[in-house]
Protein chains: 2
Amino acid sequence: MSRFSYQLNATDGRARTGVISTPRGEIRTPAFMPVGTAATVKAMMPESVAATGADILLGNTYHLMLRPGAERVDRLGGLHKFMNWEKPILTDSGGFQVMSLAGLRKLTEQGVTFKSHVDGSKHELTPERSMEIQRLLGSDIVMCFDECPALPADEKRVAESMRLSMRWAERSRDAFGDRPGHALFGIQQGGVTQELRAESAEKLREIGFDGYAVGGLAVGEGQETMFEVLDYAPEMLPEDTPRYLMGVGKPDDIVGAVKRGIDMMDCVLPSRSGRTGQVFTRRGVVNIKNARHADDPRPLDEECGCPACRNYSRAYLHHVFRAQEMISGMLLTWHNLHYYQDLMAGMRGAISEGRFAAWEADFHAGRAQGDIEPL
Amino acid sequence: MSRFSYQLNATDGRARTGVISTPRGEIRTPAFMPVGTAATVKAMMPESVAATGADILLGNTYHLMLRPGAERVDRLGGLHKFMNWEKPILTDSGGFQVMSLAGLRKLTEQGVTFKSHVDGSKHELTPERSMEIQRLLGSDIVMCFDECPALPADEKRVAESMRLSMRWAERSRDAFGDRPGHALFGIQQGGVTQELRAESAEKLREIGFDGYAVGGLAVGEGQETMFEVLDYAPEMLPEDTPRYLMGVGKPDDIVGAVKRGIDMMDCVLPSRSGRTGQVFTRRGVVNIKNARHADDPRPLDEECGCPACRNYSRAYLHHVFRAQEMISGMLLTWHNLHYYQDLMAGMRGAISEGRFAAWEADFHAGRAQGDIEPL
């Protein structure tokens with residue numbers, strides 16, 4: 001079995017492009033990972049997710065441990081087989097979602113106990129159990145179990161939380177063991193405080209991981225503050241391994257993060273927005289439920305190659321959204337994921353050819369135009 | 001433009017197989033038509049509907065006239081283009097659904113006035129307006145506007161209703177005019193009374209249509225009564241044009257109807273059942289939400305070639321149904337439509353080769369076995 005590796009192919013400013021190699025295939029970076037929360041990217045067939053250009057998707061430990069259960073997925077041959085996705089899967093550790101979704105949480109040095117939001121059953125997550133669950137799922141890229149305060153939070157709370165996460169990172173590393181072909185990523189914490197980010201990065205490098213995430217952002221701090229942190233945080237992490245910004249984001253968040261040296265991202269936004277009628281295009285966001293589309297024979301984006309744009313009018317997409325037909329979520333999710341992957345491909349090409357600044361200017365100019373004029 | 005035609009290729013007992021030719025492609029009969037109520041077969045992409053083997057689908061005049069509106073569909077290039085389905089489309093006349101769905105209905109010799117179930121707006125349907133709407137939609141096979149009482153109903157009511165429908169059939173024929181490449185089907189009424197069915201058939205033959213439907217069945221009379229009517233009703237209709245049984249049905253209804261000389265059918269059952277977790281297989285109905293499937297690594301039906309059976313376990317299908325994920329409806333609808341099309345293909349082959357009786361015995365034997373044993 002081949003090993004997990006990262007090759008940096010080109011840089012342009014701080015932006016990077018490269019390839020992560022895994023036994024399940026290559027991941028072209030910068031990479032956007034669609035989120036397959038409960039063993040499905042909502043409204044999508046997995047072959048359609050692959051058709052958008054996704055090299056990897058993200059699974060959620062918290063959801064999968066509750067339903068259908070990690071031991072069950074293992075008995076059934078692992079998450080890839082279960083959900084019919086042969087390419088790489090990254091799983092989060094469950095820590096973040098326990099804090100945002102579960103009931104009756106109790107946090108100790110040992111870990112977190114909580115009640116399931118599905119059926120009220122009691123569960124425990126620790127670094128050791130999180131590693132075990134992610135192993136049972138068959139995850140290719142495993143995330144350390146961590147704790148992450150919502151922002152804004154006072155610096156003392158952020159520092160304590162970061163140091164707890166670093167002790168958990170060490171326990172995660174020990175529990176993960178040696179698993180050729182599988183990667184373990186550490187997660188930098190420290191909120192918006194540069195000294196804490198530096199302390200966290202130093203500790204993670206000391207432990208040693210196959211990749212490093214910037215955690216604790218996109219939790220309420222706003223884009224400006226996030227970019228300020230990204231102006232220093234990625235470069236505190238090793239250059240020769242991937243850097244992953246968790247839970248980000250909107251198209252302009254993603255472009256700004258890549259510009260600042262991020263290689264991987266994930267977000268539910270393109271799929272969730274697809275189900276609520278929010279469409280991402282080169283000319284900004286289109287709200288398909290708006291009456292202006294009811295008679296419009298034009299595609300969402302005439303330059304887009306996705307099925308929603310190739311085969312349907314805005315009028316049709318408006319109609320099926322208003323009629324609450326499932327094909328609405330199916331087509332708009334497909335379009336949004338296709339748009340996100342096009343965005344990543346555009347950035348990879350621009351970085352390779354040393355024209356990222358021009359590409360970025362085009363990106364912002366397109367959005368500034370706004371949607372096409374009504375007929 | 002080629003004309004609409006029907007070629008009868010073989011018979012086996014009363015069962016028939018043949019081909020309907022239209023400018024938009026051939027329809028192999030006996031044919032099952034998936035229902036695309038609001039310009040979409042729910043939970044399916046149109047290319048997936050075609051992949052199941054469907055040669056034609058059905059659109060609902062009542063739904064489409066209310067939303068998005070027939071004039072709008074026409075401005076947008078017709079229903080085929082609107083919903084990205086290039087093969088033939090049959091549209092019903094709206095009469096049946098007005099009676100079952102609309103509010104404040106008022107029936108006169110002229111037609112029906114009613115209130116929309118979508119927004120309460122007031123509308124009128126007459127034979128002339130129904131023909132106009134079906135023309136605006138671009139339907140390949142247009143159905144006469146008719147009235148159909150729920151069964152059981154007293155014979156006098158059924159006779160009056162049938163005679164009104166025959167007067168409307170004549171008005172439909174006049175309003176349809178001469179449209180090469182497009183077909184108009186008459187609809188036989190008369191409930192469960194042989195004399196009324198004969199009177200209706202005679203009137204329709206006198207007017208002259210491109211095909212004939214057996215209407216007014218599957219409205220509460222039960223399978224045994226329906227088969228009694230089908231023992232005589234189809235043969236009252238011309239042999240050299242297609243015979244269409246409207247709104248039928250369950251797999252064994254369909255087999256019994258084909259056995260009795262029916263060429264075309266439509267029903268929401270396979271798609272609706274797909275969304276509620278009811279799965280049709282060679283061994284009968286499987287309820288995917290049953291806990292017995294939670295750990296079952298086997299496919300729904302190991303001999304089925306649909307994506308749900310080729311790529312997923314019962315355990316996965318159970319999980320996504322319980323988690324209310326959209327892929328559940330997508331996969332189970334696909335399977336059910338595939339099953340229905342396999343059924344039709346099996347009957348077409350058996351009739352061609354003069355072995356329909358043996359095929360039918362196998363069909364019933366498979367269902368009598370019941371589902372595979374739990375592991």
Check your understanding: On the given criteria, is residue A:213 assigned by TED's automatic domain parsing to the domain that holds residue A:34 and assigned to a strand (DSSP E or B)?
Key -> yes
**Study point:** Residues within region A:310-365 that are within 14 Å of another protein chain (Cβ to nearest Cβ) and in contact with a strand residue (DSSP E or B) (Cβ under 7 Å, 6 or more places away or on another chain), tallied
**Key:** 2
Check your understanding: Does residue A:280 satisfy the condition of being over 26 Å from residue A:153 (Cα atoms) and either out of contact with any Cys (no Cβ under 8 Å at 6 or more places or on another chain) or in the same structural domain as residue A:54 (by TED's automatic domain parsing) (or both)?
Key -> yes
**Study point:** Conditions (1) within 14 Å of chain B (Cβ to nearest Cβ); (2) closer than 22 Å to residue A:193 by Cβ; (3) charged (D, E, K, R): number failed by residue A:260
**Key:** (1)
Review point. Which of the helices (runs of 4 or more DSSP H) contained wholly in region B:28-146 include at least 3 residues that are out of contact with any Asp or Glu (no Cβ under 8 Å at 6 or more places or on another chain) and surrounded by fewer than 22 Cβ atoms within 10 Å (Cβ to Cβ)?
Key: B:46-51, B:95-101, B:127-137
Check your understanding: Got at least one residue in region A:259-272 being at pLDDT 95 or above, surrounded by fewer than 24 Cβ atoms within 10 Å (Cβ to Cβ) and within 20 Å of residue B:44 (Cα to Cα)?
Key -> yes
Review point. Going through region A:1-27 one residue at a time, which ones are open to solvent by less than 30 Å² (accessible area, probe 1.4 Å), of a type in the set (S, T, N, Q) and within 25 Å of residue A:359 (Cα to Cα)?
Key: A:17
Review point. When both residues are 6+ apart or on different chains and their Cβ atoms are under 7 Å apart, which pairs have a first residue that lies in region B:9-34 and is more than 16 Å from residue B:346 (Cα to Cα), and a second that is of a type in the set (Gly, Ala, Ser) and surrounded by fewer than 22 Cβ atoms within 10 Å (Cβ to Cβ)?
Key: B:21/B:2; B:21/B:5; B:22/B:181; B:23/B:2; B:23/B:181
Exercise for review: Output the number of residues of region A:281-309 satisfying the condition of being facing chain B (nearest Cβ under 8 Å) and within 20 Å of residue B:74 (Cα to Cα).
Suggested key: 3
Revision key, fill the gap. Picking from A:179, A:167, A:197, the residue that is over 23 Å from residue A:267 (Cβ atoms), part of a helix (DSSP H, G or I) and either outside the structural domain of residue A:363 (by TED's automatic domain parsing) or without any contact (Cβ under 8 Å) to a residue 40 or more places away in the chain (or both) would be A:167
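Rundown of residues vs (1) more than 15 Å from residue B:95 (Cα to Cα); (2) open to solvent by less than 40 Å² (accessible area, probe 1.4 Å), yes/no style:
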residue: B:180; (1), (2): yes, no
residue: B:185; (1), (2): no, yes
residue: B:189; (1), (2): no, yes
residue: B:207; (1), (2): yes, yes
Practice item. State whether the residues of region B:150-163 include one that is touching a Leu at 6+ places or on another chain (Cβ under 9 Å), farther than 25 Å from residue B:22 by Cβ, among the acidic types (Asp, Glu) and surrounded by fewer than 21 Cβ atoms within 10 Å (Cβ to Cβ). Key: yes
Practice item. Determine whether residue B:285 is farther than 25 Å from residue B:28 by Cα, open to solvent by 20 Å² or more (accessible area, probe 1.4 Å) and part of a loop (DSSP other than H, G, I, E, B). Key: no
Review point. Hey, does region A:51-65 have a residue that's within 22 Å of residue A:258 (Cα to Cα), within 14 Å of another protein chain (Cβ to nearest Cβ) and either in contact with a Lys or Arg (Cβ under 7 Å, 6 or more places away or on another chain) or of a type outside the set (Gly, Ala, Ser) (or both)?
Key: yes
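The values are calculated or read from the model by the stated rules, or taken from the named source; none is laboratory data. Just so it is clear, the model here is predicted, and its values are computed rather than measured. As a convention, Cβ positions derive from the backbone with ideal geometry for all residues, glycine included, and neighbour counts pool all protein chains shown. Heads up: the accessible areas ignore ligands, DNA and RNA and are worked out on the full protein's heavy atoms, side chains in. Shrake-Rupley method; radii C 1.70, N 1.55, O 1.52, S 1.80 Å.
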